[in-house]
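Below: the structure, in structure tokens.
Computed from the coordinates by the stated procedures, all read-outs in this text should not be read as laboratory data. From a predicted model like this one, the values you see are computed outputs, not experimental measurements. Glycine also receives a Cβ, built like all others from the backbone with ideal geometry; neighbour counts cover every protein chain displayed.
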Amino acid sequence: MKLWDVSRTLSNDLAEWPGDEPFHFKLTKEISKCDSVNLGAISMSVHNGTHADARFHFKTDGEMIEKAALEIYMGRAAVVDLAEAFSRSSEKYLITLEDLRPHSEEIAETSRLLIKTNRWSDSTVFPKQIPVIAADVPLWLQKNGVKLLGLDLPSVDEIDSKSLQNHHALAGAGIAIVESLDLSGVGPGIYNFVALPLKIAGGDGAPLRAILWRG
């Protein structure tokens, strides 16, 4: 069975959100230095790399990540490839209903939508501007039964957004958020999807190891 790993690699070269805690891994014990084992330690923001946002991330009374319903993060998912549309115009920065409607049947059939833009191809360089969903997309997704939205981008809102209107709109529509996927090696279509968040007490989010497969 072929698996597609659609997670970004956590490394010391990974670009963090500006001002956020970067990912850092180091060996605290090393066999080459006469220790009995190699032993690693990490420090990081829970929003480095591929991750799930908990509602607590943007709402004081929001659900924390250890309470997230795991069944949302596993099941069938539709990958919608918008990379060509975004490559045709450097001025395109909205993911619109016009982009999504041609795929409505697959989206409704799976209840999980993963959007490929290829607008963040180098994980070591944080993007200055990213595509975001149009304001009417969350309600349309809700009407089509979507329970999870994943993007190959570091946020569902603009980099400089303070209101995080898309985060709030998606939460209001009952849609879980997965950010910073790596869909570069995946074609469009329906897949099986698993990306379980780490069980972090009080967490506003959690890293994911996201995979796709067919069959």
Spelling out what I want: for every residue of the range 137-145, take phi, set θ = phi - 60°, compute 6.51 cos²θ - 1.76 cosθ + 1.60 (Karplus), and round to whole Hz; glycine and proline get x. 5, x, 5, 5, 4, 4, 5, 9, x
Largest-first principal axis extents, alpha carbons of the range 109-200, Å: 35, 32, 30
Given backbone amide H placed at 1.01 Å from N, residues whose amide H is under 5 Å from that of LEU148, ignoring those fewer than 5 places away on the same chain, are LEU113, ALA176
Residues whose placed amide H lies under 5 Å from that of HIS51, excluding near-sequence neighbours: GLU179, LEU208
Approximate spin-label separation ALA41-ALA201, in nm, with each point projected 7 Å along Cα-to-Cβ: 2.1 nm
Env charge @ ALA68, Cβ radius under 11 Å, K,R +1 / D,E -1, value -1
May I ask you to derive the relative contact order of the chain, considering only C-alpha pairs under 8 Å and at least 6 residues apart, and to give it as an integer percent? 32 percent
Two-decimal Rg/Rh of the chain from alpha-carbon positions, Kirkwood Rh? 0.98
Residues with amide H under 5 Å from that of VAL132, placed H, sequence gap 5 or more: LEU94, ILE95
Could you pull out every one of the lysines with an alpha carbon less than 23 Å from that of LYS59, ignoring same-chain neighbours closer than 8 positions? LYS67, LYS147, LYS162, LYS199
Taking 31-40, 176-185, 162-171 and ranking on average Cβ neighbours within 10 Å, highest first, one gets 176-185, 162-171, 31-40
Rel. contact order, % - alpha carbon contacts under 8 angstrom, at least six apart, the range 99-215: 23 percent
